[in-house]
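I have placed the structure first, in the form of structure tokens, so that the comments after it can refer back to it.
The values are calculated or read from the model by the stated rules, or taken from the named source; none is laboratory data. In this text the structure is predicted, and so the values were computed from the model without any measurement. Neighbour counts run over all protein chains shown; Cβ positions are idealised from the backbone, glycine included.
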Amino acid sequence: MLEKQIVEEFDKLIPEPKCELNYKSPYELLVAVILSAQCTDKRVNEVTENLFKTYNTPEKMITLSQDKLGKLIYSCGFYNAKSKAILEASKDIVDKFSGQVPSTMEELTSLRGVGRKTANVMISEAFKGDAFAVDTHVLRVSNRLGLTKNDNPDLVEQDLKKFFNQKNWSKLHYQMVLFGRYKCKAIKPDCAGCPFQKNCSYFADKKGK
């Protein structure tokens, strides 16, 4: 399936994709994205609704101990690693960037606790730039559709950026996330009426059994 056809099909399926994390500033989004690793956006929103009432800036966040923050974000899972990442990134934002979340890939990934996926989300969502974040949903969908043969998110990102026009990167990222979250799920995906059946390796395997 050609790039134009894939873009058109995603536009029909999910014409106005939106980030499902609640935030009011780039910093709040950064914290929410860190918390979202292997956790649902719904749960993250429940946790940050309370967290951001008091700790909604890096300056306020670093007044917390890792133990206290861990207790506040406990239900998001992996609370030790996530509390450490949030506090380290917050300290770097205060020390290196005068409390303002930076907007470039180089600067974002210079923050401790921030990798390419998180940085790409920040660039596309908070700063409205062109980026292609690869999470588990994007990884799964792009492999099933034959857009990549890689399992490494950084390599998948490169493959998707080569295949799609830059102006479509950010929108396609969210379309793939939502498509993977609600239809092309890891277990028991809803294949009925899917426009990508002819190109889907999962559907081909399922049909052959």
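Just checking, how many residues over region 30-46 are in contact (Cβ under 8 Å) with a residue 40 or more places away in the chain and part of a helix (DSSP H, G or I)?
5
Report yes if some residue within region 102-122 is within 30 Å of GLN158 (Cβ to Cβ), among the hydrophobic types (A, V, I, L, M, F, W, C) and over 20 Å from the mean Cα position of the chain (by Cα); otherwise report no.
Checking region 102-122: not a single residue is within 30 Å of GLN158 (Cβ to Cβ), among the hydrophobic types (A, V, I, L, M, F, W, C) and over 20 Å from the mean Cα position of the chain (by Cα).
Consider region 104-134. How many of its residues are part of a loop (DSSP other than H, G, I, E, B) and touching a residue at least 60 places away in the same chain (Cβ under 8 Å)?
Matching residues across region 104-134 total 3.
Conditions: (1) more than 19 Å from PHE10 (Cα to Cα); (2) without any contact (Cβ under 8 Å) to a residue 24 or more places away in the chain. LEU139 meets all but one. Number of the miss?
The failed condition is (1).
If I filter region 28-38 for residues that are at pLDDT 95 or above and surrounded by fewer than 16 Cβ atoms within 10 Å (Cβ to Cβ), do I get at least one hit?
no
Return the only residue of SER170, SER90 being assigned by TED's automatic domain parsing to the domain that holds GLU59 and not aliphatic (A, V, I, L, M).
Details: SER170 fails: assigned by TED's automatic domain parsing to the domain that holds GLU59.
Answer to the selection: SER90.
When the residues of region 170-209 are filtered to those that are buried (at least 16 other Cβ atoms within 10 Å of the Cβ) and in contact with a Gly (Cβ under 9 Å, 6 or more places away or on another chain), which remaining residue is nearest to VAL121 (Cα to Cα)?
The selected residue is SER170.
Mind counting the residues in region 142-159 that are in contact (Cβ under 8 Å) with a residue 40 or more places away in the chain and loosely packed, with under 15 Cβ neighbours inside 10 Å?
Looking only at that region, the number is 1.
Show me the helices (runs of 4 or more DSSP H) entirely contained within region 51-102 in which 2 or more residues are buried (at least 22 other Cβ atoms within 10 Å of the Cβ).
58-61, 79-97
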